[in-house]
Amino acid sequence: MPLAYFSRSPTTEFWTEHWGGHSVEELLAVARASPLTTLITRALPRAETVLEAGCGLGQYVLLLRELGWRAAGADWSAEALAACRRVAPAPLAAMDLRALAYRDAAFDAYVSLGVVEHDVEGPDDILAEARRVLRPDGVALVSVPFLNGARCLARPLIARQGRAIERAGGRFYQYAFSRRELVQMLGRHGLETRALHPYDPARLLRRMLPRSARPVAVGGAGGAARRGGLRSAIRRALYTGPALRLLGHMLLAVAVKR
């Protein structure tokens, strides 16, 4: 069973407020340097039509268009899409991801990053639409919070905390999925998984470590060099297979419509 998290309910107003705390330029700069971007661009068919469903501020729509894809974006938050349009023109539309206003087989690829886990009823309605708008043999890239090794170990504690939040008036926020669960839920909609990639291990590590346990800053030019070397070493260690299975915050599936 997926692991449920509770917090404030992810309504349209929630996401409008959430994206309001970021800028398109900030997130575009992060996307340009992110290992996730390499995973995405390697998996997408070259120079084809791509829909990002749940695009938020649209940084990946803009980046993919810069790189030669004909990318469009859809999201619940009209305000987030308007912020993206102020930075660069792009085909963006506010719509329900469970009822996309596109014709059947309209896209060669479908990208959804950290979206389908927020529906308390599960991801099936969104994934059914993903399949509908994909052409035969189209590529779907779907990422969800990863039920990794650390979360498996902490599952009883997370579940107990979730029940306490719910009793205090909190609402369902999201699910975390295992590798098998993600493959199975894509398979229910005719999406055959070809690869699975855990990513973003540092985020969970930052939450797990108290501030006092994080690396101490060292002053001066030599200190900056040592900090840079330490960050590179930590990053290499975090992106090994065992570390990603233990700490990867998100899990990206690359699937094909069958």
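FYI, it's all coordinate maths here, none of it is from the lab. The structure presented is a predicted model; accordingly, all values stated were derived computationally and were not measured. Note that each Cβ is placed from the backbone with ideal geometry, even for glycine, and that neighbours are counted across all protein chains shown.
Pairs of Cα atoms in region 66-215 fall into 5 Å distance bins, from 0 up to the last occupied one, in shares of 2, 7, 14, 17, 17, 16, 13, 8, 5, 1, 0 percent.
Counting only DSSP H runs of at least 4 residues, each contributing -39500 (n - 2.57), and dividing by the residue count of the chain, the helix-based mean residue ellipticity at 222 nm comes to -13500 deg cm²/dmol. By the count of neighbouring beta-carbon atoms within 10 Å, fewest first, 152, 84, 55 end up ordered 152, 84, 55. What does a probe at residue 23 reach in region 54-79, counting residues whose amide N is under 16 Å from the point 7 Å along Cα→Cβ? The answer is 57-59. Projected label points at residue 155 and residue 104, each 7 Å from Cα along the beta carbon direction, are separated by 3.9 nanometres. Distance between the 7 Å Cα→Cβ label points at residue 256 and residue 192: 0.6 nm.
Rounded if a/c is under 1.5, else prolate if a/b beats b/c, else oblate: with a ≥ b ≥ c from the C-alpha gyration tensor eigenvalues square-rooted, which is region 19-151? It comes out rounded by the Cα gyration axes.
Just one of [x] 7, 28, 35, 23, 7, 1; [y] 6, 21, 22, 15, 11, 9, 7, 5, 3, 2, 0; [z] 7, 31, 35, 19, 8, 1, 0 is P(r) over Cα pairs in 10 Å bins from 0, in percent as worked out from the coordinates here. Which one is it? Checked against the structure: label [x]. Please work out whether region 96-149 counts as rounded, prolate or oblate from its C-alpha gyration tensor, where a ≥ b ≥ c are the square roots of the eigenvalues and a/c under 1.5 means rounded, while otherwise a/b larger than b/c means prolate and anything else oblate? Oblate. The relative contact order of region 1-133 comes to 24 percent, based on Cα pairs under 8 Å that sit 6 or more residues apart. Here the label points at residue 128 and residue 231, each 7 Å from Cα along the C-beta direction, are separated by 4.6 nm in the simple model.
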